[in-house]
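Notes follow once the structure below has been shown.
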Amino acid sequence: MAISRRPRRMVRLSGANWANDTVHIETFLIPATDAGTDTQLSDMIDRMGGAPSLIACHHDATMPRDAIASALGNSGAPLHRATSCKGSVTEDAETTPAAMTAFCIWDSDGDYGTAAAGFDGTTPRDAAEAATRRALQIADRAGEKPDLVFISATPGDEEAILAGIMAVVGSDVPIFGGTAADNDVSGQWEVSDGETTTGAGLVVSVLFPSTPVHFAYHNGYAPSGQTGTITRAEGRTLHEIDGRPAADIYRDWTGSDVLPADNGDGQNILAAATMAPLGRYIGSQDGVDNYLLVHPAHLNADGSLQLFAEVEEGEVLTQMTGTRDALSDRAGRVAAQAVAVGRLDPKDVAGAYMIYCGGCLLAVEDRVGTILDGVKSALPGIPFQTAFTFGEQGCVMGGENRHGNLMISCVVFTKTN
C-alpha cells in the first residue's frame, strides 16, 4: 500500500488559556470511591467547545463497565481503552493508582483514529493489520503514514501484532504502548475502542498530531556482567543457554532466591524474577549501554524457561539486576529524557503519555508517591497519564519497534511547532 504524508495548515484553539497553542491536553482521574459518578469529561468538552481529538483511557480491570461508560459518556471522540494493573495515575494522583484515568487531546489541525479487533477467527497479525487500516480510515488518512501509533494488546502475541501494524504503516513509524493488564495475572484484562471490547485482541490508535512529538523507551536495571548465548529457543520458550538447560544457567546467575532448587512443571516465577530479568543489548548512548528486557515467567520441568517475550537462537542474553530505588526513580528520568530529546523547555510541553511496567509496580507498590514525584519534577505542571502494563512496546535506538518487559516509556506532545 502506498504511504504518504499530507501537508498541514495551522489552526489555533480558541480557549483563553491556550489561545497561542495548537495542541491542548487535559487529564482526569477517578478514585475507586467515585467510580461512575464523574462529570469531568463533559465539563472539559463544554469548556473546550467540542469533543477531544483522542481519549486514551486506562483503568483497573475490576472496574464495572457501567461505571466506565458513565465516566466516558458519549463524546464521539476516538477512544483507546485498556485495563491497567491496579488502575492508573495522572499528575493529580498522590500515593496510589486511581480506578480510572483518561488522557484527552484537543488538536484542531491533527487527525486521529482508533480501532479494536479481536482474535476470533483470525491471527493476531491479521487482526492488527485490519485494526490499523480501520483506524486510518476513521482518521480520514487511509493510505497515509502516521507520525505515531499507540497500541494496547492483550498478553501473548505482541510481536505478531507489531508486525501487523508495520505491514500497514511501514517500519519507520514509531509504535508505543503497553499490554493490557489486570491485578493478578488471572486474565481479566481487556481492550476496547468503545464499540468492540475484547479480552483477546488489540486496540490501535493512529496519530497525526499537528505539532512534534518526542519519546524515550528505557528500563531501570543494570547489567550484572553475566552473559550467555541462546543455543535453543522457540518463540517464548527459552530451552538452552550455552548448550545447557536455561534454568541451570539462570540459577547459576541468580542463586536460589529466584529459582527453586528443583525444576517444577510450570512454576510461576514472575514475582521472584522481577528484580532479575534477562537483557538483550540494543546499543549505547552517551556511554551507557541500553538493554531490551525479557521477564522469565515460568520454570518448566524440562529446565526450560517460559518468557513474556520472544527470543531467538544466537542472541546474547545478559543477566540484569534491579533495585527498588532504581525502579522508583527511573520513571522521572525517562520523562526528563523525552523532554531532553526534543530540546524542549517543559513549558513547551502540552502533555505526556507514559507506560510503566505492571510487574515493576507490584514490586514497588508502596513507592507510587516516589514515582509520581519524579515524573512531576520532570514535567512540572504538565498533564500526564501513566498506565501499568504487562508488556511494553516502544521504539529502540536505531528506530526499530520492539516488544519488551519491565520497561518504561514516555511520549511528550508539544503545544506548538
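Here are a few things to note about the model shown:
- From the options THR211, THR179, residue that is touching a residue at least 24 places away in the same chain (Cβ under 8 Å), out of contact with any Leu (no Cβ under 8 Å at 6 or more places or on another chain) and closer than 25 Å to HIS24 by Cα: THR211
- Criterion: of a type outside the set (Asp, Glu) and at pLDDT 95 or above - qualifying residue of TYR281, TYR353: TYR353
- Entry remark, the stretch 294-309: residues being assigned to a strand (DSSP E or B) and crowded, with 23+ Cβ neighbours inside 10 Å number 4 in total.
- Of the residues examined, SER205 is one that is touching a residue at least 40 places away in the same chain (Cβ under 8 Å), among the small types (Gly, Ala, Ser) and crowded, with 22+ Cβ neighbours inside 10 Å.
- Note on the stretch 82-135: residues that are assigned to a loop (DSSP other than H, G, I, E, B) and over 13 Å from GLY201 (Cβ atoms) amount to 15.
Here is a yes/no grid of residues against (1) surrounded by fewer than 21 Cβ atoms within 10 Å (Cβ to Cβ); (2) of a type in the set (Gly, Ala, Ser); (3) within 18 Å of MET44 (Cα to Cα):
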| residue | (1), (2), (3) |
| --- | --- |
| GLY73 | yes, yes, yes |
| PRO97 | no, no, no |
| ALA117 | no, yes, no |
| ARG141 | yes, no, no |
| SER152 | no, yes, no |
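- Qualifying positions in the stretch 65-95 - in contact with a Pro (Cβ under 9 Å, 6 or more places away or on another chain), closer than 17 Å to MET354 by Cβ and of a type in the set (S, T, N, Q): SER84, SER88, THR90
Listed here are the residues, each with its yes/no results for (1) touching a residue at least 12 places away in the same chain (Cβ under 8 Å); (2) closer than 18 Å to HIS80 by Cβ; (3) in contact with a Pro (Cβ under 9 Å, 6 or more places away or on another chain).
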| position | (1), (2), (3) |
| --- | --- |
| THR122 | no, no, no |
| ASP140 | yes, yes, no |
| ALA153 | yes, yes, yes |
| ASP172 | yes, no, no |
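- Taking the listed residues ALA67, ALA51, the one that is farther than 16 Å from PHE150 by Cα, touching a strand residue (DSSP E or B) at 6+ places or on another chain (Cβ under 9 Å) and assigned to a loop (DSSP other than H, G, I, E, B) is ALA51, with no other qualifying.
The values are calculated or read from the model by the stated rules, or taken from the named source; none is laboratory data. From a predicted model like this one, the values you see are computed outputs, not experimental measurements. No Cβ is skipped: glycine too gets one built from the backbone with ideal geometry, and neighbour counts run over all protein chains shown.
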